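The values are calculated or read from the model by the stated rules, or taken from the named source; none is laboratory data. The structure displayed is predicted, hence computed values, not measured ones. Cβ: placed from backbone, ideal geometry, glycine included. Neighbour counts: every protein chain shown. The area values use the complete protein model at the heavy-atom level, side chains included, leaving out ligands, DNA and RNA. Shrake-Rupley method; radii C 1.70, N 1.55, O 1.52, S 1.80 Å.
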Amino acid sequence: MDYKEMFDQQLISLEVDGESEEKVFENVAAHLQTLGFVNDGYLKGITTREKQFPTGLITQHLNIALPHSDPEYIEKPFVYIARLKNEVKVKQMGDSQEMGVKNLFFLGIKDPKGQVGLLQAFMELFMKEEFVTAFMQEEDKMKIYQLFTQNI
């Protein structure tokens, strides 16, 4: 699958509200459902999966989270970029230690075989200091969209 096709400018939110991971999930799930990318079960699916398999990642340059749900809740494949107004606590992938994040990338994967590749592509991107710096400094959704589609 070409990951570039999963990005959409309307799925970039740079001022997401939420004082907790749950609230952020609720806000993003509602937006995704309104746009037709997910079905009714998505919020429960993503919340349940995150409890079982946390997706917080401490990378060299930025803490991120890559929440995703099971494919049955996804209507159309997507990557939703959420930059939060305030840091929230999430659990780290692997050891479930608590960590803070302000940048979450919700992955809507219909084909489970594509999941590992997409996760690896994100990890590679966020190991590149120049990419992370450009992402963090950018406030324009179109330029963020271009940054990802040109680099993933």
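Observations, loosely collected:
- Mean Cα-pair separation over length for segment 88-139, i.e. relative contact order, pairs under 8 Å, 6 or more apart, %: 17
- Peptides 14-23, 35-44, ordered by how many other C-beta atoms sit within 10 Å of their residues on average, highest first, read 35-44, 14-23.
- Karplus-derived HN-Hα couplings along segment 20-28 (A = 6.51, B = -1.76, C = 1.60, θ = phi - 60°), whole Hz, x at Gly and Pro: 8, 4, 4, 5, 4, 4, 4, 5, 5
- For the chain, accessible area per residue (1.4 Å probe, heavy atoms of protein chains only), Å²: 51
- For Phe7, the residues whose amide H sits under 5 Å from its own are Val79, ignoring neighbours fewer than 5 places away on the same chain, with H placed 1.01 Å from N.
- Segment 1-81: relative contact order as a whole-number percent, Cα under 8 Å and 6+ apart: 39
- For the cross-link pairs Lys76/Lys113; Lys44/Lys76; Lys23/Lys113; Lys23/Lys44; Lys89/Lys128, the ones whose C-alpha atoms lie over 22 Å apart are Lys23/Lys113; Lys89/Lys128.
- Gyration tensor analysis over the Cα atoms of segment 37-152 returns equivalent ellipsoid semi-axes of 22, 17, 13 Å (largest first, whole Å).
- Summed over all non-identical Cα pairs, the Kirkwood treatment of segment 29-103 gives a radius of 13.0 Å.
- Per residue, the convex hull spanned by the Cα atoms of segment 109-152 measures out at 72 cubic angstrom.
- What the phi angles of segment 131-136 give under the Karplus curve with 6.51, -1.76 and 1.60, with θ = phi - 60°, is a coupling list of 5, 4, 4, 4, 4, 5 Hz, glycine and proline written as x.
- Mean Cα-pair separation over length for segment 19-152, i.e. relative contact order, pairs under 8 Å, 6 or more apart, %: 23
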